[in-house]
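Just so you know, all these numbers are worked out from the coordinates, no wet-lab data involved. Fair warning: this is a prediction, and the values are worked out from it, not measured in the lab. No Cβ is skipped: glycine too gets one built from the backbone with ideal geometry, and neighbour counts run over all protein chains shown.
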Amino acid sequence: MKINGLKFGVIGGGIGGIAAALALQQRGGQVTVFEQAAELTEVGAGLQISENGMVVLRALNVVGDTPEAGLRSYGTVLRDYRAGRSVTEIPAPLAGPTYYYHRADLLGLLHKAAQRAGIVFRLGVRVAEVLKQPSEVQITLEDGTSLSVDCAIAADGGQSTVRADMNGPEVAQFTHQVAWRATIPWNRQDQKPCAALTMGPGRHVVTYPLRDHTLMNIVAIEERSDWQEEGWRLRGDPEELRARFADFGGLVGEILGQIQEPHIWALFLRPVAEHWQNGRIALLGDAAHPTLPFMAQGACLALEDAWVLARSFDEQSGVSQALSAYETARHRRAQRVVAAAGSNARNFHLRGPMRLAAQAALMAIGPRLSRKYDWIYNYDATA
Ligand SMILES: Cc1cc2nc3c(=O)[nH]c(=O)nc-3n(C[C@H](O)[C@H](O)[C@H](O)COP(=O)(O)OP(=O)(O)OC[C@H]3O[C@@H](n4cnc5c(N)ncnc54)[C@H](O)[C@@H]3O)c2cc1C
């Protein structure tokens, strides 16, 4: 079907929403993005975008062949927590290098590309209702105004209300994992920037440099039994963070010692949605498949979704056929990636003899470890 002239409303101006808007507009759609925040912002933290996400960013003309603002990764070093001893090194995936982005920089690049493409942004407006009609979708804003589009894309994040309308009410489960996130000024130029994943009992810390090595990004994950409210995204106490990770030594101990303003975020999870579309409205990104961050794939999956969604319109005869083809193409892959991320949480947090045995196995297979996930990184949504 020709997308030309079709009107789309995208709910959510995060990475998934803007990527979907770009992919649809690039094929001739007329897209408006509705974002509740008055400005397009992301918390100051990093994102790893692996090759399966980078191919989409290139195809959407968001980045060129030498991606600006991103820092090329040369792999990941797995470390033990006490003295930061290296357990093994995982080289960059064969598919191509991962890039480290400051979230605000990546969102800025997406926004710039969207403005170049003529996408309309309505900022500071919260969508209250998205209603499917026989031949259109009615989007009603909280101020009571409404407008009609041919198709709506709900990229409204992990607490998507559109998902709830489509799939019924669901209670998010506290995963018993809490993420502390921070950046600190950094001035050590590594020739070959790598991520470090430092594993301790019930906890792990991921660090990687950002913005031409001027910042270090830190995500420290700990298991906790106490229940936290969903969406809890608070300023944390740096002294509490240091106390909880006091036995982490080596470079990561030094890095934790410099954190002044951590954010803390309880990780809640819903399963991959059963229904992703209803013939006129489709879910995309975290709204469809929230994931734990332990494969660094949530944003990458949202980018893949965006491309596959727009391409489905080329290949199908109508809106409902296109959305159904999109759901079929994406559902199983999202489920597999989400499951892989879930099992990594267990692997990183082993205790006692299990931890030592796992480390011995990692030493033996380390360099081949990235091959295990070739199926993730080799996936080219644009092919
Ligand atoms: C600690 C951590 C580390 C991570 N690291 C990585 C990584 O390295 N690599 C990676 O690929 N992924 C990573 N992720 C996952 C990634 O951040 C998310 O998967 C991705 O940002 C999801 O994008 P999205 O556009 O689907 O949703 P969101 O970014 O949540 O965007 C949803 C948008 O919708 C807006 N919105 C919601 N409701 C409404 C409404 N009713 N009306 C208007 N606007 C609305 C919100 O304001 C928001 O801007 C990480 C996640 C965490 C928690």
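Assorted remarks:
- Over the chain, DSSP H runs of length four or greater, each weighted -39,500 (n - 2.57), average out per residue to a 222 nm ellipticity of -10000 deg cm²/dmol.
- Size of the range 266-310: Rg and Dmax of its alpha carbons, in Å, are 11.1, 34.
- Considering only alpha-carbon pairs that sit under 8 angstrom and 6 or more positions apart, the relative contact order computed for the chain is 23 percent.
- Note on residue 240 and residue 316: their simple-model spin labels are 4.6 nm apart, each label 7 Å out from Cα toward Cβ.
- Sparse-neighbour loop sites [trypsin sites (Lys or Arg not before Pro); the range 338-380; at most 15 other C-beta within 10 Å; DSSP]: 351
- Restricting attention to the chain, close to 70% of DSSP beta bridges with both partner residues there are antiparallel.
- Coil-residue trypsin sites (Lys or Arg not before Pro) of the range 1-91, DSSP, other Cβ within 10 Å capped at 10: 2
- Between residue 226 and residue 361, full extension at 0.36 nm per residue minus the direct alpha carbon distance yields a gain of 45.4 nm.
- Given charges at beta-carbon only (K, R positive; D, E negative), |dipole| of the range 244-383 in Debye: 560
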